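The values are calculated or read from the model by the stated rules, or taken from the named source; none is laboratory data. Computed from a predicted model, the values in this text were never measured in an experiment. For neighbour counting, all protein chains shown are included, and Cβ atoms are generated from backbone atoms with ideal geometry for every residue, glycine included.
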Amino acid sequence: LDAPLYADLAGDLNVSFEFFPPKTEKMEEQLWSAIETLTPLGPKFVSVTYGAGGSTRERTHNTVARIARETPLAAAAHLTCVAASKDEIAEVADAYWDAGVRHIVALRGDPPEAGKRFEPHADGYQGAAELVEGLVKRHPFEISVAAYPETHPEAVSAKSDIDNLKRKLDAGATRAITQFFFEPDSFFRFRDTVAAAGIGADIIPGIMPVSNFAAVQRMSAMCNTNVPTWMGRLFEGLDTHPGARQLVSATLAAELCRKLYAGGVRDFHFYTLNRAELSYAICHLLGLRPEKRA
Ligand code: FAD
C-alpha cells in the first residue's frame with residue numbers, strides 16, 4: 001500500500017488515549033503529567049482500564065471521575081464482568097453515571113490469574129454482549145467494545161468471534177476498539193470481513209507503541225497478536241539504548257498509522273501505558289497539532 005509522505009498528511013485525525021489507573025503517588029504524577037501533555041491534542045475521548053478481576057474498581061473510578069471533573073476531556077471507563085454480580089455492576093454503572101461519565105468500554109475481562117479460563121460469576125454476566133445489554137438498560141451510555149483483528153484466543157473460529165462482535169454492537173455498543181496488531185494488513189483484512197458480515201459500526205485500530213519489546217512479545221503471545229520477525233530484528237541490541245528505542249518505537253508506530261491512514265483510517269486509539277511522549281510524537285508525525293484543536 002502506497003502511504004502518503006508525512007508532508008501530505010492533513011492531521012485530520014480523531015485520536016483517543018488509553019491510560020491505566022495508577023497504583024502509587026509517583027505513578028499518579030506520571031499519569032497526570034501524561035494527561036496534561038496529551039490534552040491539547042484534543043482527543044475524542046480518553047479511557048481508563050479496569051484491572052484484571054476488578055482489582056482496580058476504586059482506582060479506575062477515582063481516575064475517571066477526576067478526569068471528568070477537572071479536565072475538558074470526555075472520560076470513558078473500562079468495565080468488566082469478572083468477579084462481579086449483575087447488581088454490583090449496576091452499582092458501578094450508577095456511580096459513573098452520577099459522576100457525569102457517559103462512556104463505558106464494556107469488556108468481559110480476563111481472570112485475575114493469567115492462563116486460567118474465564119468463569120462467570122454465579123449472578124453475573126457471561127460475556128461482553130450481555131454486559132452491554134445490561135448497561136444500556138440501566139443508563140443511555142455511549143458504549144465501546146473490544147474487537148480482535150487476529151481473532152480472540154478463546155474464540156472457536158474467526159467467524160464466531162465476528163458473530164460475537166456483531167452481538168455486542170447489536171446489543172447497543174456503537175464502536176469497537178481493536179486489540180493491538182503490528183501489520184496493517186491484519187487490520188484491513190479484519191475491516192473487510194467485518195463489513196462483509198454487515199457490521200457498519202466504526203472499528204478503531206488500537207495502536208501499541210512498543211516501549212519494551214520483551215513485554216510486548218509476552219503480551220502478544222497471550223492475546224494472539226502476531227509479532228513479525230522483522231520487528232525482533234528492529235529492537236535487537238536496544239535494551240541498553242532507551243533513547244534509540246523510543247525513536248525506533250515512534251517511527252514504527254507512525255509508519256503503521258501512516259499506512260492505516262492511506263487505507264482510509266482516521267480514528268486511532270493509543271495504548272499510552274501512561275507515557276505521553278511516544279503517543280504525542282506519533283500524533284505529531286501524523287500532522288496533529290495542538291493549535292488546530294484549540
Ligand atoms: P467477549 O466479547 O465476551 O468475548 C470473549 C470470548 O468469548 C471471545 O473468544 C468470543 O468469541 C467468545 N464468545 C462470546 N460469546 C460467545 C458465544 N455466544 N458463542 C461462542 N463464543 C462466544 N481487560 C481487562 O481486564 N480490563 C480492561 O480494561 C481491558 N481493556 C481492554 C480494551 C481493549 C480495547 C481490548 C481490545 C481489550 C481489553 N481488555 C481488558 C482485554 C479483554 O478483557 C480480554 O481480551 C477478554 O479476554 C475478552 O474480552 P471481550 O470483551 O472481548 O469478551
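Observations on the model:
- The residues of segment 196-217 that are more than 20 Å from Asp161 (Cβ to Cβ) and surrounded by 11 or more Cβ atoms within 10 Å (Cβ to Cβ), listed by number, are Ile207, Pro209, Val210, Ser211, Asn212, Phe213, Ala215, Val216, Gln217.
- Meets criteria (more than 11 Å from the ligand (Cβ to nearest atom) and surrounded by fewer than 17 Cβ atoms within 10 Å (Cβ to Cβ)) for Arg117: no
- Only one of the listed residues (Ala93, Ala74, Ala83, Ala52) is of a type outside the set (Lys, Arg) and touching an Asp or Glu at 6+ places or on another chain (Cβ under 6 Å). That residue is Ala52.
- Of all residues in segment 123-149, those that are more than 11 Å from the ligand (Cβ to nearest atom), of a type in the set (Asp, Glu) and within 20 Å of Trp97 (Cβ to Cβ) total 2.
- Selection of segment 73-96 for residues being within 13 Å of Asn62 (Cα to Cα), not in a strand (DSSP E or B) and not aliphatic (A, V, I, L, M) yields only Tyr96.
- Among the residues of segment 58-103, the one identified as closer than 23 Å to Asp123 by Cα, away from the ligand (no atom under 15 Å from the Cβ) and of a type in the set (S, T, N, Q) is Ser85.
- Residue count for segment 18-30, restricted to those that are more than 12 Å from the ligand (Cβ to nearest atom) and either in contact with a strand residue (DSSP E or B) (Cβ under 6 Å, 6 or more places away or on another chain) or in a loop (DSSP other than H, G, I, E, B) (or both): 3
- Residue in segment 135-147 that is of a type in the set (A, V, I, L, M, F, W, C), without any contact (Cβ under 8 Å) to a residue 40 or more places away in the chain and over 23 Å from Ser55 (Cα atoms) present: yes
- Extreme residue, nearest to Asn226 (Cα to Cα), among residues of segment 150-172 that are out of contact with any Cys (no Cβ under 9 Å at 6 or more places or on another chain) and more than 10 Å from the ligand (Cβ to nearest atom): Lys166
- Test set (1) charged (D, E, K, R); (2) closer than 14 Å to Ala276 by Cα; (3) under 16 Å from the mean Cα position of the chain (by Cα) - Glu36 fails condition number: (3)
- Residue within segment 43-57 that is within 11 Å of the ligand (Cβ to nearest atom) and assigned to a strand (DSSP E or B) present: yes
- Residue within segment 116-129 that is in contact with a strand residue (DSSP E or B) (Cβ under 8 Å, 6 or more places away or on another chain), at pLDDT 95 or above and assigned to a loop (DSSP other than H, G, I, E, B) present: no
- Look at (1) closer than 24 Å to Leu165 by Cβ; (2) surrounded by 14 or more Cβ atoms within 10 Å (Cβ to Cβ) and you find that Ala90 fails only one, number (1).
- Residue match in segment 147-160 (condition: within 20 Å of the chain's Cα centre (by Cα), over 25 Å from Val46 (Cα atoms) and acidic (Asp, Glu)): yes
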